[in-house]
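Visitor: Following this message is one structure expressed as structure tokens.
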Amino acid sequence: MERKEGTVKGNRMDDAPVPDKELFKRVLDEDKLAFEILVNRYKIKLFNLIYRMIGTKEEAEDILQETFLRVYRERKSFNFGYQFSTWIYTIALNLTKNELKRKKRFKFFGIELLLKNPGQNQISEDFENRRWELSYLLEKAIRSLPDKYKKVFLLRDINQLSYEEISNVLEIPLGTVKSRVNRARRILRKKLKPKMEGAYELSKGSTIPVELL
């Protein structure tokens, strides 16, 4: 029988995902399977975040690998009073930030992942033919966001971290996180809505086919 992701054979939680902290306790006991589960649990989300910030697949893969290597090397320094997700996102963001400082650049790609699956009566029938146009509009708008808004937007609306986790990762007050997320959404809404209404012949009351709008 195939083992479900996030489960450990022989554990009483065999049919349910094992919490991050429980898995990491096993990592401290040199449990390689537990570490593999954590890697599989976070690698896609972390890669998408790093990729959007750094701009190239190869560099994103290198930073992702270094993130997991650092997690393992520094495993004994983990504070169980915090969420594991907060810790690993902090490591990934710090590594990415260091690379960006070194290269002095900041790019965003893969923005089409923001798109909803088109539904009936939401967009015109030629949606697929204009998908790249929409992706371009989204990428351009997000690239234009100030850095402090880009980070919170990606962490909240793309990676689905809680406001509390983002506060811990970026080391800024909770209220600041919420205000920056709202500000980023307002900026993007203002930039995108008029263009997309024109591009897709949407009325003012139509639903914009973008998650954040």
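Visitor: Just the residues that are in a helix (DSSP H, G or I) and among the polar types (S, T, N, Q), please, taken from the range 45-60.
Guide: Selection gives Asn48 alone.
Visitor: Go through the range 117-154 and give me each residue that's aliphatic (A, V, I, L, M) and modelled with pLDDT of 90 or more.
Guide: Within the range 117-154, just Val152 meets the criteria.
Visitor: Would you please name the residue that is farthest from Tyr163 (Cα to Cα), looking only at residues in the range 37-78 that are touching a helix residue (DSSP H, G or I) at 6+ places or on another chain (Cβ under 8 Å) and among the polar types (S, T, N, Q)?
Guide: Thr67
Visitor: Name the single residue that is nearest to the chain's Cα centre (by Cα) among those in the range 57-77 being over 15 Å from Lys43 (Cα atoms) and in contact (Cβ under 8 Å) with a residue 24 or more places away in the chain.
Guide: The qualifying residue nearest to the chain's Cα centre (by Cα) is Arg75.
Visitor: Could you tell me how many of the residues in the range 24-39 are in a helix (DSSP H, G or I) and farther than 17 Å from Ile91 by Cα?
Guide: Residues that pass the stated criteria total 9.
The values are calculated or read from the model by the stated rules, or taken from the named source; none is laboratory data. None of the values given here were measured: they were computed from a predicted structure. Don't worry about glycine lacking a Cβ; one is built from the backbone with ideal geometry, like all the others, and counts go over all protein chains shown.
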